[in-house]
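Please treat every number below as a calculation from the coordinates, not as lab data. Remember, predicted model here, so these are calculated numbers, not experimental data. We place every Cβ from the backbone using ideal geometry, glycine too, and count neighbours over all the protein chains shown.
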Amino acid sequence: MKSFLKFKLLNIAWPILFLGLVFSSCSSPKYPDRDNKDEDYYVVPQPARLNPGTGAFLLSDDVAIQAGDFQKEAAFLRDYAKSDFQKDIKDFEDGKAISFALNSSLGEEAYELKVTPEEINIEGGSAKGIFYAVQSLRQLMLVEDGDLIVPAVEISDTPRFAYRGTHLDVARHFFEVDEVKSYLDILALHKINTFHWHLTEDQGWRIEIKQYPKLTEIGAYRNGTIVGHKPGTSNDNERTGGFYTQEQVKDIVAYAGERHITVIPEIELPGHSSAAIAAYPYLSCFPEEKTEVPNDMMSETSKEQQAEGRNKIVQETWGIFDDVYCAGKDSTFTFLQNVLDEVIPLFPSEYVHIGGDECPKANWERCPECQQRMAQEGLKDEHELQSYFIQRMEKYINSKGKKIIGWDEILEGGLAPNATVMSWRGEEGGIEAAKQGHDVIMTPTDYCYFDYYQAQDKEEEPLAIGGYLPVEKVYSYEPLPEELTSEQHEYILGTQANLWTEYIPDMEKLEYMLLPRLAALAEVGWTKNTEKDWEGFKNRLSALRATYDELGLNYATHVFNKDE
Ligand code: ACM
Ligand code: ZN
């Protein structure tokens, strides 16, 4: 339109407009009557409402994207046409239109997508809704006779749950910035809106903290890793690790934000803290005690370092370790508060995940300072000491305007007043938390742990932590427990896949463990359970698989090979 006005000023608009009319009347839709088939409408997760139409829109060279305020979303559409189909959408100014518009009557994540042979109209409740419409459009694109087309359709869509998460442990194995970004691209394809970034562990501390440089100088690297499944056959004696600078963290958070994904950082406490303790031994109840790597699996370098007087090392095997943050010393809390002072400004998320799982109490039981704390605070056992620890940190985090999420162990000894519970040891923790009026995210191991095997015959599978979680079982998950009332169901914010990386050293394996199980959980999180349909899902997954192939993603094929 801008160029039209310019021509008008030059007083030559009429001949041009006339030519334009002649031109557009010549360029009638190329696919007005295309007989669309069921498989032309395979979208994962299944939209709330989808009505097939007749004919198809041709994404020809003369397509114009009228994106208004949604230029970023338009750029994604172009990127997807290029990455999935090697097609350039050139954006011809007065050509056939794809238009994006805000519709404030829709929910934030909702959208309407109308495709006719003449045009594509997208309306979203916000940029987020428009982004999801673009994801659906991406899955509807197909190539016919060398043309990129979209079958006519009307979709009206909105997610079932507000929280649709995927977690990644970058501590057991480190993933580079570009790898995390490609992980985020996969989440975006599945309309996942939350990335839970597990940044600290026994085996590595992954985020730069300027006030505590040893966290990354020492804590981000381990001298070796056990070989094979725990307890392992030996130690590989290879130094490994890495960390994200604060600038890199900002870059990743911005990259996620463009894809409408919120990043929740996890700074784990009070357990799983060996890497921080290796960097700053005073954080332990017993700084003078040597770190133990069970089953005699310690690397040669660490043995030498301990012989030379360094007691604490970054863990080299997997599991749960007694050496945790001392709950008795105020210096522990000062350290954690200072760390959070640097972490919180990097993440726009309203939540900070503080871990809280798998914290053995053995050291606290024999630590004079922890015992003194218990006496002073009138705490009857070490579970109450853990609760004290979490509540003290919650108070601090709340004072910074953020809310905490913790694994379901934070129920033990009394729940922190404003905490959201991530239920992982089954659903019991989530049920109890909802009964107490706390928000819950459901991530039970049986349905949501993507570090589990994907076949019953483990011999035929790459090494995994254990268990058995096929796609069908993920798909069968219902996050709203029957034990809760409909009022209590309101506390269940949604669900999340967890990807722990003890046995996932690289992207190829990561993709294999993630896909296509993520597609199943994405549908659990997005689609109304009355609309869920395993057979239909399997059909639709075959189309998503073509996108995986186009993107060069690695994925498990069991679900495609089975007949039933
Ligand atoms: C967990 O899997 N330890 C939360
Ligand atoms: Zn202590």
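State the three equivalent ellipsoid semi-axes of the chain, derived from the C-alpha gyration tensor as the square roots of 5 times its eigenvalues, in descending order and whole Å.
49, 24, 23
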Q: Could you calculate the contour length gain from ALA48 to LYS214, that is, 0.36 nm times the residue separation minus the distance between their Cα atoms, to one decimal place in nm?
A: 54.7 nm
Q: Compute the FRET efficiency between GLU308 and HIS383 as 1/(1 + (r/R0)^6), taking r as their Cβ-Cβ distance and R0 = 35 Å, and round to the nearest 0.05.
A: 0.40
Q) To the nearest 0.05, how large is the calculated FRET efficiency for GLN66 and SER476 if R₀ is 56 Å and r is the Cβ-Cβ distance? A) 0.85
(Q) Can I get the semi-axes of region 243-290's equivalent ellipsoid? Compute them from the C-alpha gyration tensor as square roots of 5 times the eigenvalues, in angstrom, largest first. (A) 33, 12, 6
Q: Could you work out the per residue convex hull volume over the alpha carbons of region 83-231, in cubic angstrom?
A: 211 Å³
Q | GLU144 paired with GLU550, simple spin-label distance in nm, labels 7 Å along Cα-to-beta-carbon | A | 1.5 nm
Q. PRE reach from GLU288 (point 7 Å along Cα→Cβ): which of region 332-366 fall under 17 Å by backbone N?
A. 366
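Looking at region 88-218 only, what percent of DSSP beta bridges run antiparallel? Nearest 5 please. Don't skip to the answer; put the middle values down first.
Numbers: 15 of 25 bridges.
Approximately 60 percent, going by the DSSP bridge assignments.
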Q. In nm, to one decimal, how far is the modelled label at HIS229 from the one at SER99, with both set 7 Å along Cα→Cβ?
A. 6.0 nm
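Restricting the count to DSSP beta bridges whose residues both fall in the chain, what percent are antiparallel, rounded to a multiple of 5? Walk me through the intermediate numbers first.
Details: 28 of 68 bridges.
Rounded to the nearest five, the antiparallel share is 40 percent.
What is the extension gain from ALA455 to SER542, computed as 0.36 nm multiplied by their sequence separation minus the C-alpha to C-alpha distance, in nm to one decimal?
Details: separation 87, 0.36 × 87 = 31.32 nm, distance 1.94 nm.
Extending this stretch completely gives an extra 29.4 nm.
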(Q) Using the basic label-point model (7 angstrom from Cα toward the beta carbon), what is the ASN237 to ASP341 distance in nanometres? (A) 4.4 nm
**Q.** Cα centroid separation - region 72-104 against region 195-242, whole Å
**A.** 42 Å
(Q) If I histogram all Cα-Cα distances within region 141-297 using bins 5 Å wide from 0, what percent of pairs lands in each bin? (A) 2, 8, 14, 16, 15, 13, 10, 7, 5, 4, 3, 2, 1, 0, 0
